[in-house]
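Visitor: Here you go, one structure.
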Amino acid sequence: MADQRSEPDSGLRSSRTGGSAGAVANRPGMLTFAAVMMFIVAGFSILLAFTEFAGTGWWVTASGDLVYANFVFWAVVDLVIAIIALYAGADILRGGNFGLVVGYLFAGIGLIRWLFYIPVAPVLSVVIVTLCALVIYGLAKHSDYFGGA
């Protein structure tokens, strides 16, 4: 009886075109991780936008001064970031170049940003820097999954 073990598919592009079940079965796990991280970034940006919308208003300080804080501009900026991150996460799952570029961009900026927070919150900073580095690693290692990359 002949050995009937299937050989692993070396061409991700050819096996992905067969249907959605093939795309999910042959997508590297690190790319799914990167897409999930993009969805998490989008979720936190949406939460931040909600708090900025809610934080807009008038306050009276302890000294009796009337202060108005308008965070609507920043809320809109965070909503745009959330939309970009959502689309990038979906695009990474599909194998699109936009998701690849935005994934690199968000993870790179996040990694550099959290390096500055190491003296203030060392454990959290190391965890987030590690997550960003894993996203960059996953996108770089499996760049052949993306069309035309």
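A short reminder: the numbers here are calculations on the coordinates, not readings from a lab. Please read these numbers as outputs of a predicted model, since none were measured by experiment. Methodologically, a virtual Cβ is constructed for each residue, glycine included, from the backbone with ideal geometry; neighbour enumeration extends over all protein chains shown.
Visitor: To the nearest 0.05, how large is the calculated FRET efficiency for TYR68 and LEU47 if R₀ is 25 Å and r is the Cβ-Cβ distance?
Guide: Step by step, r from the Cβ atoms, then E = 0.60.
Visitor: By average Cβ neighbour count within 10 Å, what is the ranking of 58-71, 91-104, 132-145 from highest down?
Guide: 91-104, 132-145, 58-71
Visitor: Tell me the relative contact order for segment 43-101 as a rounded percent, counting alpha carbon contacts under 8 Å between residues six or more apart.
Guide: The value is 30 percent.
Visitor: Turning to a different aspect of this structure: Given contacts defined as C-alpha pairs under 8 Å and at least six residues apart, what's the relative contact order of segment 28-145, whole-number percent?
Guide: After rounding, I find 30 percent.
Visitor: Each label point is 7 Å from the Cα along the Cα-to-Cβ direction; what then is the distance between the points at VAL60 and THR130, in nm?
Guide: My value for the distance between the label points is 4.9 nm.
Visitor: Which value, in Å³ per residue, describes the convex hull spanned by the Cα atoms of segment 28-145?
Guide: Once divided by residue count, the hull of segment 28-145 is 107 Å³.
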